[in-house]
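What follows is one structure encoded as structure tokens, with my remarks underneath.
The values are calculated or read from the model by the stated rules, or taken from the named source; none is laboratory data. These numbers were taken from a predicted model, which means no experiment stands behind them. Here the Cβ positions follow ideal geometry from the backbone for every residue, glycine too, while neighbour counts run over all protein chains shown.
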């Protein structure tokens, strides 16, 4: 029935008059009827003709455009009627570019399909199952005149109209991959149980893996492996070993097996043809894996899961989460695909111009331009210096090959001949460095599986032999450090702090005083060499300063610090990769580098490395400051930052994502600061502390020994036993106490007393000696070993600043909510708190205001997904207002009420916590509904009043600054930075607005003014950009300019030195024709962008 209706539709429109052909809506209705799908509904239904799209240009101009036909969550369609005989699809190209731009402005997710209709003749189909729609030549072309004879195309269109998710290959691939990995994990367990060593099992399974894959993609016709598995399972499992070994030898050499000539596979996977004897149980696992659909395996997941299956230590995590492919693509696209597509667009534009002339010479030149671009793609080198199981390398290869496929299709369209190419983009261009053996092996396997998957999907010819090549591009070594030899230096061994022995008094495990950690010297240590690469990308290991010594040992870390002596000693491990990648961009011709780091890259110690790279021209061109991720080292959810580095990029892109990792905001900015923000330069401001704030803020005590702590019951007993203990025992608060409720914990605080003094408290002395000293004896810090009764970080400056105060201000260093509270000065603060030595409610009020909270959130770093309050960034440079006495008093009154209100709420109900109150406050501000538990907190804690108090503080503090209220976020930060800069200049002239003058002036007032000079931003006159010599380079330069800022033809002419106005006009016209730019009513050209 469908076929006959489609033939009727084709016949009718083949003879349609031009006026009728212009009515695309009539054709679409007819097509729907022929396919048996619902036709479009009335306007406002979400499945309609002329769907309105509100487009806001970068200059704020708003226009309404219309999509010819739109069905939400299914497709968007643009229709044209191209004249007969038109061979270069110019109108269809423009329609595609226009439609791609429109869907980026939809109020919801872009549809899975884009359709461009040439009425009655052709329908072009793009899908975004691979993450984006690709370029024009990525389309599947459906000839509507023969649609009745191709049921598979009609079925595709029916699915696009009714159930597009049925065509999504991703869910099927994930299910297949998980199933296969599970079977292989069972096989590995069975073989190890039978006594085979890990390495033999792993190599055997990898040979099986590629053999099964080769069968399903047609590289091994006749399914010889599956057949021999069947026969061995039915007859005698012992037959498997000689047959499998014979098959693998034949595959390696390209010889006959069971009378059939095989392709030559080569590669080191089959150089060793050992087949392990299988029990019937093991045979069943392997046969089950062989029966899976291997051609649909997802390489990005498969590499991770196979690594887990092969490794006995990691095998228990086979069912754990893994990094989704779209997360990997999110970094690969701006790092690699975007610059390649920019170049490819310019080449296509030049080819279109050459074809327009109609001259055979220009047509031949157009063909050469396409072949040159393909050769350039084949010449590129890609490096992942921490390649693991190859996820980033595979995704990169796949995206590059998608562009290559578009090039090949463009060549076929131009020449009219089938392009049969055996020399293509392939694994030999993809380099990696990996320190662990099996991930490196799996990475190579992943690349070859991905390569042949692509070949199977897009080629109708046999691939070139050998099927596998020993490329030698994946190296097994350390990526950041090289050395000549490793030598044990016994005199530098140190005590092992690992608890091993049971203490005779406490009964707790304590370090063995005889155990040592060996010190190994890395002689000749130096930065490791990296292969030359045009693009660098990857996900290096995350490890903080302390963890590095635990994992690698002191000798390695010392060698690393020495080899990179120009970097901060306390930098995160991943930042060594980041710096090396930036160095390659700055000095070695690498076009772009994109790396995953922890989101602590924005912390001060790490920002210094970003600033160092920027000084050499390697700047951040694109960033996501905070993104969810799966850490393969522990299969745990972590928060990361994604950054792309380029050489002196003209602008930058900032992307923000939601909690699931989906982009929600994208903004093009002039420059990204090293804290991955745009706008007000807090990085520069926070580098200059104000003397007015000096000496008042400090972290709390770092005990370095849990033996100092006492629970409430033990503390009460000790206080009752000896009244003198009140001099030593203090209540203790940490971050958990402030976020939730105080636990009643006490601490033994001997302060700076010497041993003779503390022996006057014999009971407490003995407690600390038994509970703390054993751990301290294993530390590498001499002072902590000798003064074991003192806190590890005893904070002399904090003790001094708190002297004479009845209370002080505290906040949690790492916390979801930023709130400040008063603590009694007799309470000792843990190192997880940041303290401000002031008992003035005015200071509490300013710190609690939205203005200061915004500053602290913007200036501080993050730990995972929680903001971090770093006193050097959040407090020391913060410019407090200088209010009148009346304003000061008003702020203090509200702050006192705020502090009292929260403490009374905590006392009323044990279910109320500070975190709970501020969770409710957050929802009250956003209008989100409260849960039953939150409603209870809201009622008991009077959170509406809490909100009123904060709003009152915000207004009063803004008034103290002399500002209107409310203000936008960026304006607040710009005003604060400007005020900070004014204060720095004042202090250089000797005028300091001390926060606690009676305390600060005697101690710090005579110090010389800070020597740091304020770096004032200067506006340099823009210099004209040189006009490139080749047409493709000219077009790319114009496209880059229009992407940065809308411009007219005259603007562009002024921007380029030596440009020809006629060429500029032609290039802009071509880009407009391709749908890459559009021209506004006022004559300005705008870049067409897909959006986030």
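Can you list the strands (runs of 3 or more DSSP E) found entirely within the stretch 798-887 that contain at least 3 residues being closer than 20 Å to residue 686 by Cα?
Numbers: elements: 807-812, 821-824, 833-836.
By residue number, 833-836.
Conditions: (1) under 21 Å from residue 347 (Cβ atoms); (2) in contact with a helix residue (DSSP H, G or I) (Cβ under 7 Å, 6 or more places away or on another chain). Residue 139 meets all but one. Number of the miss?
The single condition residue 139 does not satisfy is (2).
Of all the residues that make up the stretch 893-951, how many are in a loop (DSSP other than H, G, I, E, B), free of Cβ contacts under 8 Å to residues at least 12 places away in the same chain and exposed (fewer than 15 other Cβ atoms within 10 Å of the Cβ)? Spell out the reasoning first.
Filtering the stretch 893-951 down to residues in a loop (DSSP other than H, G, I, E, B) leaves 909-913, 927-931, 942.
When the remaining residues are screened for being free of Cβ contacts under 8 Å to residues at least 12 places away in the same chain, the result is 927-931.
Checking which are exposed (fewer than 15 other Cβ atoms within 10 Å of the Cβ) leaves us with 927-929, 931.
Result for the stretch 893-951: 4.
Taking only the stretch 89-121 into account, find how many residues are farther than 21 Å from residue 73 by Cα, part of a loop (DSSP other than H, G, I, E, B) and out of contact with any strand residue (DSSP E or B) (no Cβ under 9 Å at 6 or more places or on another chain). Steps first, answer last, please.
To start, the set of residues in the stretch 89-121 that are farther than 21 Å from residue 73 by Cα comprises 89-94, 118-121.
Imposing the further condition that a residue be part of a loop (DSSP other than H, G, I, E, B) reduces the set to 89, 119-121.
Still in the running and out of contact with any strand residue (DSSP E or B) (no Cβ under 9 Å at 6 or more places or on another chain): 120.
Total meeting the criteria: 1.
Going by what's in this entry, would residue 181 be described as part of a helix (DSSP H, G or I) and surrounded by fewer than 14 Cβ atoms within 10 Å (Cβ to Cβ)?
Numbers: part of a helix (DSSP H, G or I): yes; surrounded by fewer than 14 Cβ atoms within 10 Å (Cβ to Cβ): no.
No.
Test residue 836 against the criterion of being buried (at least 19 other Cβ atoms within 10 Å of the Cβ), at pLDDT 95 or above and in contact with a strand residue (DSSP E or B) (Cβ under 6 Å, 6 or more places away or on another chain), and give yes or no. Before the answer, list the steps.
Details: buried (at least 19 other Cβ atoms within 10 Å of the Cβ): yes; at pLDDT 95 or above: yes; in contact with a strand residue (DSSP E or B) (Cβ under 6 Å, 6 or more places away or on another chain): yes.
Judged against the criteria, residue 836 is a match.
What tally of residues in the stretch 409-429 results from selecting those that are in a helix (DSSP H, G or I) and under 22 Å from residue 217 (Cα atoms)?
2
Restricting to the stretch 789-804, count the residues that are crowded, with 16+ Cβ neighbours inside 10 Å, at pLDDT 95 or above and in contact with a helix residue (DSSP H, G or I) (Cβ under 9 Å, 6 or more places away or on another chain).
The total comes to 4.
On the given criteria, is residue 197 surrounded by 14 or more Cβ atoms within 10 Å (Cβ to Cβ) and in the same structural domain as residue 276 (by TED's automatic domain parsing)?
Working: surrounded by 14 or more Cβ atoms within 10 Å (Cβ to Cβ): no; in the same structural domain as residue 276 (by TED's automatic domain parsing): yes.
Taking the combined requirement at face value, the residue does not satisfy it.
Taking the stretch 154-174, which residues are outside any loop (DSSP other than H, G, I, E, B) and either at positive phi or at pLDDT below 95 (or both)? Show your work before the answer.
Looking only at the stretch 154-174, we keep the residues that are outside any loop (DSSP other than H, G, I, E, B), and these are 154-162, 164-167, 169-174.
Those that are outside any loop (DSSP other than H, G, I, E, B) and either at positive phi or at pLDDT below 95 (or both): 165, 166, 167, 169, 170, 171, 172, 173, 174.
Scan the stretch 122-147 residue by residue and report those that are part of a loop (DSSP other than H, G, I, E, B) and either surrounded by 19 or more Cβ atoms within 10 Å (Cβ to Cβ) or touching a residue at least 60 places away in the same chain (Cβ under 8 Å) (or both).
Let us first name the residues in the stretch 122-147 that are part of a loop (DSSP other than H, G, I, E, B), namely 128-135, 139.
130, 131, 132, 133, 134, 135, 139 - these are the residues of the stretch 122-147 that are part of a loop (DSSP other than H, G, I, E, B) and either surrounded by 19 or more Cβ atoms within 10 Å (Cβ to Cβ) or touching a residue at least 60 places away in the same chain (Cβ under 8 Å) (or both).
Of all residues in the stretch 428-476, how many are touching a strand residue (DSSP E or B) at 6+ places or on another chain (Cβ under 7 Å) and either within 16 Å of residue 392 (Cα to Cα) or without any contact (Cβ under 8 Å) to a residue 12 or more places away in the chain (or both)?
Restricting attention to the stretch 428-476, the residues satisfying the condition of being touching a strand residue (DSSP E or B) at 6+ places or on another chain (Cβ under 7 Å) are 429-434, 437, 440, 443-444, 447, 473-476.
Next cut, either within 16 Å of residue 392 (Cα to Cα) or without any contact (Cβ under 8 Å) to a residue 12 or more places away in the chain (or both) only: 429-434, 440, 443-444, 447, 473-475.
The number of residues fulfilling the criteria is 13.
Here is a yes/no grid of residues against (1) closer than 30 Å to residue 904 by Cβ; (2) touching a residue at least 24 places away in the same chain (Cβ under 8 Å); (3) out of contact with any strand residue (DSSP E or B) (no Cβ under 9 Å at 6 or more places or on another chain):
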{"position": "745", "(1), (2), (3)": "yes, yes, no"}
{"position": "751", "(1), (2), (3)": "no, yes, yes"}
{"position": "759", "(1), (2), (3)": "no, no, yes"}
{"position": "768", "(1), (2), (3)": "no, yes, no"}
{"position": "787", "(1), (2), (3)": "no, no, yes"}
{"position": "793", "(1), (2), (3)": "no, yes, no"}
{"position": "807", "(1), (2), (3)": "yes, yes, no"}
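Here is a list: 450, 432. Which entry is within 21 Å of residue 212 (Cβ to Cβ) and either more than 26 Å from the chain's Cα centre (by Cα) or not in a loop (DSSP other than H, G, I, E, B) (or both)? Let's see the steps before the verdict.
Numbers: 432 fails: within 21 Å of residue 212 (Cβ to Cβ).
It is 450.
Condition check: in a loop (DSSP other than H, G, I, E, B), in contact with a helix residue (DSSP H, G or I) (Cβ under 7 Å, 6 or more places away or on another chain) and surrounded by fewer than 15 Cβ atoms within 10 Å (Cβ to Cβ). Does residue 461 satisfy that? Lay out the reasoning, then the answer.
Working: in a loop (DSSP other than H, G, I, E, B): yes; in contact with a helix residue (DSSP H, G or I) (Cβ under 7 Å, 6 or more places away or on another chain): no; surrounded by fewer than 15 Cβ atoms within 10 Å (Cβ to Cβ): yes.
When the stated conditions are applied, residue 461 does not pass them.
Going by the conditions given, is residue 791 in a loop (DSSP other than H, G, I, E, B) and within 42 Å of the chain's Cα centre (by Cα)? Show your work before the answer.
Values: in a loop (DSSP other than H, G, I, E, B): yes; within 42 Å of the chain's Cα centre (by Cα): yes.
Here the answer is yes, as residue 791 does meet what is asked.
Yes or no: residue 661 touching a residue at least 40 places away in the same chain (Cβ under 8 Å), in a loop (DSSP other than H, G, I, E, B) and out of contact with any strand residue (DSSP E or B) (no Cβ under 6 Å at 6 or more places or on another chain)?
Numbers: touching a residue at least 40 places away in the same chain (Cβ under 8 Å): yes; in a loop (DSSP other than H, G, I, E, B): yes; out of contact with any strand residue (DSSP E or B) (no Cβ under 6 Å at 6 or more places or on another chain): no.
No: the conditions fail for residue 661.
Do you know which residues across the stretch 368-395 are at pLDDT below 95 and either assigned by TED's automatic domain parsing to the domain that holds residue 1041 or assigned to a helix (DSSP H, G or I) (or both)?
391, the sole residue that qualifies.
Within 13 Å of residue 943 (Cβ to Cβ), touching a helix residue (DSSP H, G or I) at 6+ places or on another chain (Cβ under 7 Å) and surrounded by 18 or more Cβ atoms within 10 Å (Cβ to Cβ): does that describe residue 873? Write out each step before concluding.
On the way: within 13 Å of residue 943 (Cβ to Cβ): no; touching a helix residue (DSSP H, G or I) at 6+ places or on another chain (Cβ under 7 Å): yes; surrounded by 18 or more Cβ atoms within 10 Å (Cβ to Cβ): yes.
Judged against the criteria, residue 873 is not a match.
Select the strands (runs of 3 or more DSSP E) contained entirely in the stretch 671-748, then report the ones holding at least 1 residues which are more than 19 Å from residue 814 (Cβ to Cβ).
Values: elements: 697-699, 729-733, 746-748.
Qualifying strands (runs of 3 or more DSSP E): 729-733, 746-748.
Is it the case that residue 625 is under 21 Å from residue 853 (Cβ atoms), in contact (Cβ under 8 Å) with a residue 24 or more places away in the chain and either over 11 Å from the mean Cα position of the chain (by Cα) or crowded, with 18+ Cβ neighbours inside 10 Å (or both)?
Working: under 21 Å from residue 853 (Cβ atoms): yes; in contact (Cβ under 8 Å) with a residue 24 or more places away in the chain: yes; either over 11 Å from the mean Cα position of the chain (by Cα) or crowded, with 18+ Cβ neighbours inside 10 Å (or both): yes.
In short, yes.
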